[in-house]
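K.L.:
Have a look at this one.
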Amino acid sequence: MVYEMSKTTAPATARRLLLDAPFLVAARGERPDHPPVWFMRQAGRSLPEYRALRADQPMLAACMTPELVCEITLQPVRRHGVDAAILFSDIMVPLHAAGVGLDIVPGTGPVVHTPVRSSSEVKALPVLDPAAVAQVATAVRMLVAELGQTPLIGFAGAPFTLASYLIEGGPSRHHEHAKALMHGEPETWHALLDRLAELTLTFLQVQVAAGVDAVQLFDSWAGAVSEREYRQFIAPYSARVLNRLAEAGVPRIHFGVGTGELLGAMTEVGADVMGVDWRVGLDVAAQRVRAARPHGPTVLQGNLDPAVLLAGWPVVEREVRRVIAEGQAADAHVLNLGHGVLPETDPQILTRIVELAHSL
């Protein structure tokens, strides 16, 4: 299936010239001198310096404080020497900035004050004004000035994952309300995803205009649906976001959890790099991605199981070498985890992974 590509409306911005940065070399389908590596949630709870900085600061407030965003984003770059920084933020930030009532509750996650489950509630959703996330743009500009030759990745939650939180009211194991709306009231569903696609696009365009070097679209809950459901109810909206960013000239990464069976369909949506979780080997993932897009490079990101990092260095080293070997099946590979760093992870393990990757 081919999705329509539209032109981006993002403001033009002068881009840093980081053509030789290993992460960006791999993202365009070439092999750098060593496997580039960064970690999802690298700027976060595994770092004692992060916990000290965030001790009395609510998550959403922290995400809207440029100086704090800048410092937290830089922490893992200083400590680990990763090949890319990822903007410290949260997928709920654009909804919060637009005026949707929600909180990030410690130990629970995002909690929406009033779930959205009807046509009238969809119509009442606010539109994101770029000015409402001006603090994020400020943080990006600060980071670009600080990072030197290290690329900065911006990100946003995909329309389906945002919809799931809005409909369920918070995290959900079965996504029963979302699926009921999807199948029972498809017109309401499509209207909601349409609104969320525009919100996500606006948030990413702000980041691109401010100077991020790549973007990642997180569809954290996409693995909860079948391929048929994904193609019908989800893919067109993620495609709109990614395709309208195509002319921005930055690599686009697409990642979901539990999406091994969706890799072909997700590849057709239009990203440059496919993120892969630990449930499917990178050699198998390369086959699925290449079959869905036979023209152009096959670039994968992943996919070390985050839990393995708690098993001790000999196990971690073995698994890192295995993942890098499997990544040879793709045209290029960015070493990462198959999901985010767990809070219990020893930061020294992350540093040793980077050192190992850089030595290969």
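The values are calculated or read from the model by the stated rules, or taken from the named source; none is laboratory data. Bear in mind that the values here come from a model prediction, so they are computed numbers and not experimental data. Neighbour counts are summed over all protein chains in view; Cβ atoms, including those assigned to glycine, are modelled from backbone coordinates with ideal geometry.
K.L.:
So, in the stretch 283-320, how many residues would count as being over 22 Å from the mean Cα position of the chain (by Cα), among the hydrophobic types (A, V, I, L, M, F, W, C) and within 23 Å of Asp272 (Cα to Cα)?
P.N.:
Qualifying residue count, the stretch 283-320: 1.
K.L.:
So is Asp83 among the acidic types (Asp, Glu) and either surrounded by 18 or more Cβ atoms within 10 Å (Cβ to Cβ) or farther than 30 Å from Glu121 by Cα (or both) or not?
P.N.:
yes
K.L.:
Would the stretch 106-116 turn up any residue that is touching an Asp or Glu at 6+ places or on another chain (Cβ under 9 Å) and in a helix (DSSP H, G or I)?
P.N.:
no
K.L.:
Could you go through the stretch 46-66 and let me know if any residue there is among the β-branched types (Val, Ile, Thr) and closer than 14 Å to Leu152 by Cα.
P.N.:
Looking through the stretch 46-66, none of the residues is among the β-branched types (Val, Ile, Thr) and closer than 14 Å to Leu152 by Cα.
K.L.:
Further, regarding this structure: Of all the residues that make up the stretch 245-261, how many are touching a strand residue (DSSP E or B) at 6+ places or on another chain (Cβ under 7 Å) and closer than 20 Å to Arg279 by Cβ?
P.N.:
4
K.L.:
Considering each of Met274, Met266 in turn, give the residue that is buried (at least 23 other Cβ atoms within 10 Å of the Cβ) and out of contact with any helix residue (DSSP H, G or I) (no Cβ under 7 Å at 6 or more places or on another chain).
P.N.:
Met266
K.L.:
Restricting to the stretch 115-126, and then to whatever is without any contact (Cβ under 8 Å) to a residue 40 or more places away in the chain and loosely packed, with under 15 Cβ neighbours inside 10 Å, can you tell me which residue is nearest to Thr200 (Cα to Cα)?
P.N.:
Of everything passing the filter in the stretch 115-126, Pro126 is nearest to Thr200 (Cα to Cα).
K.L.:
From the residues in the stretch 306-360 that are out of contact with any helix residue (DSSP H, G or I) (no Cβ under 7 Å at 6 or more places or on another chain) and among the polar types (S, T, N, Q), which one is surrounded by the fewest Cβ atoms within 10 Å (Cβ to Cβ)?
P.N.:
Looking at the filtered set, the residue picked out is Ser359.
K.L.:
Check whether at least one residue in the stretch 206-218 is within 17 Å of Leu125 (Cα to Cα) and crowded, with 21+ Cβ neighbours inside 10 Å, and report yes or no.
P.N.:
Within the stretch 206-218 (the criterion being within 17 Å of Leu125 (Cα to Cα) and crowded, with 21+ Cβ neighbours inside 10 Å), the answer is no, since none of the residues qualifies.
K.L.:
On to the next question. Would you mind stating whether Leu242 is crowded, with 21+ Cβ neighbours inside 10 Å, among the aliphatic types (A, V, I, L, M) and either in contact (Cβ under 8 Å) with a residue 60 or more places away in the chain or under 23 Å from Asp277 (Cα atoms) (or both)?
P.N.:
When the stated conditions are applied, Leu242 passes them.
K.L.:
May I pose another question? Among the helices (runs of 4 or more DSSP H) contained in the stretch 122-230, which hold 1 or more residues that are touching a strand residue (DSSP E or B) at 6+ places or on another chain (Cβ under 6 Å) and closer than 29 Å to Ala85 by Cα?
P.N.:
134-147, 159-168, 186-210
K.L.:
Could you go through the stretch 278-287 and let me know if any residue there is buried (at least 18 other Cβ atoms within 10 Å of the Cβ), under 17 Å from Phe160 (Cβ atoms) and not aromatic (Phe, Trp, Tyr).
P.N.:
no
K.L.:
If you check Arg252, Arg228, Arg244, which single one turns out to be within 18 Å of Ala332 (Cβ to Cβ), out of contact with any Pro (no Cβ under 8 Å at 6 or more places or on another chain) and modelled with pLDDT of 95 or more?
P.N.:
Within the list Arg252, Arg228, Arg244, the selection yields Arg252.
K.L.:
So which pairs qualify, if the first residue must be in the stretch 5-32 and within 27 Å of His333 (Cβ to Cβ), the second must be modelled with pLDDT of 55 or more and loosely packed, with under 14 Cβ neighbours inside 10 Å, the Cβ gap must be under 7 Å, and the two must be at least 6 apart or on different chains?
P.N.:
So the pair list comes out as Arg15/Gly249; Leu18/Gln149; Ala21/Gln149; Pro22/Asp33.
K.L.:
Next up: Taking the stretch 34-53, which residues are surrounded by fewer than 18 Cβ atoms within 10 Å (Cβ to Cβ) and either more than 20 Å from the chain's Cα centre (by Cα) or aliphatic (A, V, I, L, M) (or both)?
P.N.:
Residues satisfying the conditions are His34, Pro48, Glu49, Arg51, Ala52, Leu53.
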